[in-house]
1. Of the listed values (1) -0.36, -0.42, -0.55; (2) -0.41, -0.47, -0.61; (3) -0.52, -0.60, -0.75, grab the one calculated as log10 I(q)/I(0) by the Debye sum over Cα atoms at q = 0.12, 0.13, 0.15 Å⁻¹ from the structure here.
2. Accessible surface of residue 66 in the full protein assembly, 1.4 angstrom probe, to the nearest 10 Å²?
3. What residue among 62, 18, 50 has the largest mean-square fluctuation in a Gaussian network model of the chain, using Cα springs under 10 Å?
4. If one takes the longest principal axis of the Cα atoms in the chain, at what angle in degrees, from 0 to 90 and to the nearest 10, does the Cα axis of helix 72-85 lie?
5. Set the Förster distance to 35 Å, then compute FRET efficiency between residue 56 and residue 2 from the Cβ-Cβ distance, nearest 0.05.
6. Where the accessible area of the chain is counted over protein heavy atoms with a 1.4 Å probe, how much of it, in %, is carbon and sulfur?
7. Could you do me a favour and compute the accessible area per residue for the chain, 1.4 Å probe, result in Å²?
8. About the Cα centre, and with charges only on the beta carbon of Lys, Arg (+1) and Asp, Glu (-1), how big is the dipole of the chain? Nearest 20 debye, please.
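The values are calculated or read from the model by the stated rules, or taken from the named source; none is laboratory data. Remember, predicted model here, so these are calculated numbers, not experimental data. Don't worry about glycine lacking a Cβ; one is built from the backbone with ideal geometry, like all the others, and counts go over all protein chains shown. Accessible surface areas use protein heavy atoms only, side chains included; no ligands, DNA or RNA. Shrake-Rupley method; radii C 1.70, N 1.55, O 1.52, S 1.80 Å.
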Amino acid sequence: MNHDAINAICAGLRSKGIAYQSSIITNGYLFSDTLLEQAVVSWKLTKAQITLDGTESNYNTIKNYIHPDVNPFLTVLKNIGKLVDQIIKIENKK
């Protein structure tokens, strides 16, 4: 996720007085509390499509190379909950 590019685009729109909302397609793994606040306030995120690569077992096998000491699947589920708490619509396309 290229935060700098998204921030620059949103700042450019705001500086020109252009109203906007955003949506994102992501694996949902990187949504820290700080990033979520930025997405809601600055990016005006209203919808997120979360990609899941199978069941918990399959997903963790595929994604465990990133942080082998955590459960990536549960991290994504936790982050989906954070997004929902912010009234961001969640989609999962197959």
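1. Computed from the coordinates, log10 I(q)/I(0) by the Debye sum over Cα atoms at q = 0.12, 0.13, 0.15 Å⁻¹ corresponds to (2).
2. 70 Å²
3. It is 18.
4. 40 degrees
5. The formula returns an efficiency of 0.80 here.
6. The value for the chain is 55 percent carbon and sulfur by accessible area.
7. Accessible surface, normalised per residue, equals 64 Å².
8. In total the dipole reaches around 420 debye.
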